[in-house]
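Peer 1: Right, I'll just put the structure down here and ask away after.
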């Protein structure tokens, strides 16, 4: 495949950036790749791995001459990074990101970018509970979605090029406006993560259940909460602080649903519970039919 970009710069070298680097190299999507990370230890690991062609000590150095810049840092760091790289961006370069909140990223980044670059925010709906440059793998985006949130005045050619990059890494691409993206993700990702963190916290508070029992019997459902709750705490702190309104709206709906289930259990209303679980089971089937999970027993886990 002819490379889509001559030089790609990654700002941040965690799970998503490292997976993108592996996927781009496998598919021949970039002629050269640079990268940087705030942590010196991360930069050392990336150099030892040969993750990209050049690991730079600063973001300003990393973006020099790049025709694609990918911001892979927590949402709370976007403003500072945008200020740093803005004077060093090449004419006609595209700047994108991988954050799971979009309006806050636009508000933080767009004011600092020069007119001669294209800003197309993005969000690959893919990930694991692991982080760091060693956690990435080329197949992460296979059969997953990447949502792009271009502005009204975006350049169609730049958008098409970025879309083809994501498709080349195995993803499907959809377009949304930023506020709708943030509401959708509050339902599908942000609130579930908050609930998972809460459930793990509840188990920690229930002193009648010992730590050894929680670990020993976790396959009963707790195990799957802990997988989600193992995600990067800095990233999720920033997500909840920057997608506050949408998350609070969905949490309010969740609380109403939870109260209704509490009443049904208290009153012994089996019909309500059965109808509710039947409806939610159908949603789970829809996720499998859409190819976003497997119907293999135990979520397709490989038995040791």
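The values are calculated or read from the model by the stated rules, or taken from the named source; none is laboratory data. These numbers were taken from a predicted model, which means no experiment stands behind them. Cβ coordinates were reconstructed from backbone atoms using ideal geometry, including for glycine residues, and neighbour counts include every protein chain displayed.
Peer 1: Are any of the residues in the range 118-127 over 20 Å from residue 75 (Cβ atoms) and touching a residue at least 24 places away in the same chain (Cβ under 8 Å)? Break it down into steps so the answer makes sense when it comes.
Peer 2: Quick first cut of the range 118-127, residues over 20 Å from residue 75 (Cβ atoms) only: 118.
Subsequent filtering for residues that are touching a residue at least 24 places away in the same chain (Cβ under 8 Å) retains 118.
Looking through the range 118-127, at least one residue is over 20 Å from residue 75 (Cβ atoms) and touching a residue at least 24 places away in the same chain (Cβ under 8 Å).
Peer 1: Would a scan of the range 103-111 turn up a residue that is in contact with a helix residue (DSSP H, G or I) (Cβ under 6 Å, 6 or more places away or on another chain) and assigned to a loop (DSSP other than H, G, I, E, B)? Outline the logic, then answer.
Peer 2: Within the range 103-111, the subset in contact with a helix residue (DSSP H, G or I) (Cβ under 6 Å, 6 or more places away or on another chain) is 103-106, 108-109.
Checking which are assigned to a loop (DSSP other than H, G, I, E, B) leaves us with none.
No; the residues of the range 103-111 include none that is in contact with a helix residue (DSSP H, G or I) (Cβ under 6 Å, 6 or more places away or on another chain) and assigned to a loop (DSSP other than H, G, I, E, B).
Peer 1: Which one is surrounded by the fewest Cβ atoms within 10 Å (Cβ to Cβ) among residues in the range 131-160 that are touching a strand residue (DSSP E or B) at 6+ places or on another chain (Cβ under 7 Å) and closer than 17 Å to residue 27 by Cβ?
Peer 2: 144
Peer 1: State yes or no: is residue 66 farther than 19 Å from residue 177 by Cβ and crowded, with 18+ Cβ neighbours inside 10 Å?
Peer 2: Spelling it out, residue 66 is indeed farther than 19 Å from residue 177 by Cβ and crowded, with 18+ Cβ neighbours inside 10 Å.
Peer 1: Next up: Do we find that residue 265 is surrounded by fewer than 13 Cβ atoms within 10 Å (Cβ to Cβ), part of a helix (DSSP H, G or I), at pLDDT below 80 and more than 21 Å from the chain's Cα centre (by Cα) in this structure?
Peer 2: Values: surrounded by fewer than 13 Cβ atoms within 10 Å (Cβ to Cβ): yes; part of a helix (DSSP H, G or I): yes; at pLDDT below 80: no; more than 21 Å from the chain's Cα centre (by Cα): yes.
No, not satisfied.
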